[in-house]
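Report on the structure given below.
The values are calculated or read from the model by the stated rules, or taken from the named source; none is laboratory data. All of these numbers come straight from a predicted model, not from anything done at the bench. Heads up, the Cβs are rebuilt from the backbone with ideal geometry, glycines too, and the neighbour counts pull from every protein chain shown. Ligands, DNA and RNA are excluded from the accessible area calculation, which covers all protein heavy atoms including side chains. Shrake-Rupley method; radii C 1.70, N 1.55, O 1.52, S 1.80 Å.
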Amino acid sequence: MKVAIIGAGVSGRAIARELSRRGVDARTYSRSSGFDVTQAGTAARIPAVDAVVEATGTVAMGGRAAGEFFTASTRTAAAVARASGARHVLLSILHCDAPAVRGFGYYAAKAAQERVARQESENLTIVRTTQWFEFARQTLARSRIGPLAFVPAMLVQPIAVDTVARVIADVATGARTGPLHEIAGPEVMTLRALVGRLPAPVDGEHLLRVPVPLPGRFGRAFRTGALIAAADTEILGPTLAEWLATQAD
Ligand SMILES: NC(=O)c1ccc[n+]([C@@H]2O[C@H](COP(=O)([O-])OP(=O)(O)OC[C@H]3O[C@@H](n4cnc5c(N)ncnc54)[C@H](OP(=O)(O)O)[C@@H]3O)[C@@H](O)[C@H]2O)c1
């Protein structure tokens with residue numbers, strides 16, 4: 001079985017590891033290896049596969065730039081899937097289309113990506129997840145200015161990226177079916193608390209972690225639990241303590 005993973009970041013690499021562990025021929029494609037989803041005709045560079053996993057990401061937070069990126073990414077992934085008659089597995093964010101966050105740039109872009117994927121891919125599964133434990137490190141890396149890193153006030157219900165990778169691998173190999181899977185970790189906490197439990201120093205440097213409340217109605221939504229799992233969301237471990245124990249290995 002062959003699976004193409006578009007995106008080779010935190011999730012793309014974890015998905016490739018999990019699929020390879022299962023004996024699947026899994027290859028990653030991303031910008032740094034010369035595969036750019038925003039370039040016309042890129043899809044033709046991926047040979048026939050049984051499934052294409054879309055795990056691209058952008059640091060653009062503005063709705064317009066992020067929207068253009070994610071819809072281009074999905075059009076490319078859908079073209080790969082159509083050319084092979086393959087399954088298209090899209091990695092997305094739990095509640096990205098919820099009324100409380102509707103209009104927030106990055107989430108609106110993910111919601112638009114989901115809509116385009118539904119239009120363009122006949123054999124589509126969307127896997128929506130809460131923020132990952134690894135999101136804490138990504139937040140510090142992306143928000144840092146010199147020795148400071150800014151941590152937005154938000155309630156999260158984090159899940160391990162390796163758990164996400166197992167679910168995606170199940171879908172890619174046909175062990176899970178259906179158009180949508182929504183998954184979350186077992187515990188609710190503030191992002192600040194999660195960041196505070198990361199072993200220091202992060203990435204070899206001591207960063208001063210500065211909490212910042214996000215302004216406006218989106219900030220309030222993030223602070224008051226708009227991203228927390230609903231009652232019918234599938235809850236999957238490990239807990240933060242269990243995950244931290246694996247990081248110490
Ligand atoms: N982080 C979370 O907690 C979380 C939670 C739920 C869902 N998600 C979603 O999961 C997805 C993946 O997130 P991630 O954190 O794994 O991403 P990431 O670590 O930021 O990696 C993004 C990947 O996308 C690739 N990429 C960027 N622009 C590209 C382009 N023009 N053409 C081809 N590849 C391109 C990058 O390639 P290069 O490195 O080669 O440039 C990189 O491999 C995102 O859509 C995100 O919204 C994330």
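Please list the non-local residues whose amide H lies under 5 Å from the amide H of residue 26, H modeled 1.01 Å from N, same-chain partners needing a gap of 5 or more.
HN-HN under 5 Å from residue 26: 3.
Carbon and sulfur atoms: what percent of the 1.4 Å accessible area of the stretch 2-247 do they account for? Working shown, then result.
Numbers: 5990 of 11100 Å².
After summing per-atom areas, the C and S share lands at 54 percent.
Would you work out the Kirkwood radius for the stretch 2-247? I mean one over the mean of 1/r across all pairs of different Cα atoms, in Å.
Kirkwood hydrodynamic radius for the stretch 2-247: 18.4 Å.
Averaged across orientations, what area in nm² does the convex hull of the alpha carbons in the stretch 22-89 project?
Details: hull surface 20.1 nm².
Computed as one quarter of the Cα hull surface, the answer is 5.0 nm².
Among 210, 35, 186, whose Cα projects farthest towards the positive end of the dipole of the stretch 2-247, with charges put on the beta-carbon of Lys, Arg (+1) and Asp, Glu (-1)?
Of 210, 35, 186, it is 210.
Any idea what log10 I(q)/I(0) is at q = 0.22 Å⁻¹ for the stretch 1-137, Debye with uniform C-alpha scatterers and no solvent?
The calculated log intensity ratios at q = 0.22 Å⁻¹ are -1.46.
With a 10 Å radius around each residue's Cβ, average the other Cβ atoms per peptide and rank 224-235, 182-193, highest first.
Values: 224-235: 14.1, 182-193: 18.6.
Result, highest mean Cβ count within 10 Å first: 182-193, 224-235.
Based on DSSP H assignment, which helices of the chain show an axial Cα extent of at least 15 Å together with a mean Kyte-Doolittle hydropathy greater than or equal to 0.0? Spell out each step's value before the answer.
Numbers: long enough: 10-21 (17 Å, -0.24); 63-84 (31 Å, 0.12); 105-120 (22 Å, -1.04); 161-172 (16 Å, 1.21).
Counting only whole DSSP H runs, the qualifying helices are 63-84, 161-172.
Given charges of +1 on the Cβ of Lys and Arg and -1 on the Cβ of Asp and Glu, with all other atoms neutral, how large is the dipole of the chain about its Cα centre, in debye to the nearest 20?
520 debye
Counting only DSSP beta bridges with both residues in the chain, tell me the antiparallel percent, nearest 5.
Working: 5 of 36 bridges.
Roughly 15 percent of the DSSP beta bridges within the chain come out antiparallel.
Per residue, how many Å² of accessible area does the stretch 2-247 show with a 1.4 Å probe? Each step should come with its number before you reach the end.
On the way: 11100 Å² over 246 residues.
That works out to 45 Å² for each residue.
Counting residues in the stretch 103-249 as N, plug N into 2.2 N^0.38 Å and put the Cα Rg over that result. Don't skip to the end; give the middle numbers.
Working: Rg = 16.5 Å, N = 147, 2.2 N^0.38 = 14.7 Å.
In units of the 2.2 N^0.38 Å rule of thumb, it is 1.13.
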